[in-house]
1. Give the residue, chosen from Lys36, Lys49, that is under 30 Å from Arg13 (Cβ atoms), touching a residue at least 40 places away in the same chain (Cβ under 8 Å) and not hydrophobic (A, V, I, L, M, F, W, C).
2. Could you check segment 245-267 and list, in sequence order, the residues that are over 20 Å from Asp191 (Cβ atoms) and crowded, with 17+ Cβ neighbours inside 10 Å?
3. Mind listing just one residue for me: the one in segment 210-240 that is more than 55 Å from the chain's Cα centre (by Cα) and either of a type in the set (Ser, Thr, Tyr) or closer than 21 Å to Gln165 by Cβ (or both) and, of those, surrounded by the most Cβ atoms within 10 Å (Cβ to Cβ)?
4. Give me the pairs, please: first residue somewhere in segment 218-230 and at negative phi and touching a residue at least 24 places away in the same chain (Cβ under 8 Å), second residue anywhere and basic (Lys, Arg) and in a helix (DSSP H, G or I), beta-carbon distance under 6 Å, and either six or more positions apart or on two chains.
5. Which condition breaks for Glu166 when tested against (1) under 18 Å from Asn238 (Cβ atoms); (2) open to solvent by 40 Å² or more (accessible area, probe 1.4 Å); (3) modelled with pLDDT of 80 or more; (4) out of contact with any Gly (no Cβ under 9 Å at 6 or more places or on another chain)?
6. Going through Leu161, Leu203, Leu218 one at a time, which residue ends up being assigned to a helix (DSSP H, G or I) and modelled with pLDDT of 85 or more?
7. How many of the residues making up segment 50-98 are open to solvent by 100 Å² or more (accessible area, probe 1.4 Å) and within 30 Å of Glu6 (Cβ to Cβ)?
Amino acid sequence: AIDHTEQLKESHRELSELYSQLGNFEKALIHQKQFKIASDEMLSTEQDKAMMDALTKYESENNQQKIALLESQNDIANLKLTASRLRGLIFGFGLLGFALLSILLFRLYRRIQSQNALISKSLGEKEILLREIHHRVKNNLQLICSLLGLQTEHVSDKVALGALQEGQDRVQSMALIHQNLYQEDNLTGVDMKDYFVQLINNLFDSYNIREDQVILKLEIGELNLDVDTVIPIGLVVNELISNSLKYAFPGDIKGEIKVFLKEEGDQLKLT
């Protein structure tokens with residue numbers, strides 16, 4: 001259509017020029033007008049074509065953008081779906097891991113409970129056994145003490161009698177240790193204050209000392225000592241108190257005995 005319009009336009013231009021040369025200005029004007037009309041039509045056609053091309057290009061680009069947008073939206077949807085599935089897998093694995101950990105912790109807790117029960121049972125049995133040992137040792141020492149007491153009834157010699165009585169007091173001091181051990185909650189230590197009170201009162205009774213004759217003053221620290229430490233201390237105190245009761249108060253002389261035991265640093269001080 002554009003080529004035909006171009007040819008028609010050129011024909012009108014040539015005819016206008018020819019008629020103008022021949023002096024036929026009327027026809028030359030007519031063909032000039034036709035040339036103008038054809039030129040305007042051609043220009044309009046070209047503008048329409050350019051507009052159509054631009055519109056087509058715009059629609060094409062618009063369609064491509066819509067396609068790209070749809071593809072982007074599709075990619076976003078796919079990514080969201082993948083992320084959702086991944087979160088689901090992570091949550092599932094996390095839940096599974098938590099469940100497994102809970103099971104392991106529960107089994108470990110049950111195992112620890114079972115072991116603690118066995119340990120408590122074993123400790124209880126050992127505690128009973130240890131109490132029984134201290135009880136039997138105390139009974140054996142008391143038996144020896146009683147035998148020594150019976151022996152004194154058949155001895156008239158004062159020296160021998162004194163020796164038997166001293167031996168009886170020493171055995172009694174050790175028997176008191178084991179008596180305190182199986183009676184107390186602490187099977188490995190002796191409360192020194194209670195032990196000294198019992199030990200010295202037994203010596204006062206053994207030597208028939210009246211309460212108004214010799215006054216006992218004790219200053220014992222809050223000490224809880226093991227058997228290996230208490231036995232030599234008990235024997236030393238037994239000897240000192242016995243000698244004091246035998247020789248320090250002849251006749252009806254009155255006085256007092258002071259016993260001090262305290263801890264100084266990593267040592268024990270006995271006075």
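The values are calculated or read from the model by the stated rules, or taken from the named source; none is laboratory data. This is a predicted model, so every value here is computed, not measured. Please note: Cβ atoms are built from the backbone with ideal geometry, for glycine as well, and neighbour counts cover all protein chains shown. Just so you know, the surface numbers come from the protein's heavy atoms only, side chains and all, with ligands and any DNA or RNA stripped out. Shrake-Rupley method; radii C 1.70, N 1.55, O 1.52, S 1.80 Å.
1. Numbers: Lys36 fails: touching a residue at least 40 places away in the same chain (Cβ under 8 Å).
The unique qualifying residue is Lys49.
2. Leu245, Phe249, Ile257
3. If we filter segment 210-240 for residues that are more than 55 Å from the chain's Cα centre (by Cα), which is where we start, we get 210-215.
Adding the requirement that they be either of a type in the set (Ser, Thr, Tyr) or closer than 21 Å to Gln165 by Cβ (or both) leaves 210-211, 213-214.
Values: Arg210: 9, Glu211: 9, Gln213: 15, Val214: 19.
Going through the qualifying residues, I end up with Val214.
4. Ile220/Lys193
5. Status for Glu166: all satisfied but (3).
6. Working: Leu161 fails: modelled with pLDDT of 85 or more; Leu218 fails: assigned to a helix (DSSP H, G or I).
On inspection, the qualifying residue turns out to be Leu203.
7. Residues in segment 50-98 being open to solvent by 100 Å² or more (accessible area, probe 1.4 Å) and within 30 Å of Glu6 (Cβ to Cβ): 4 in total.
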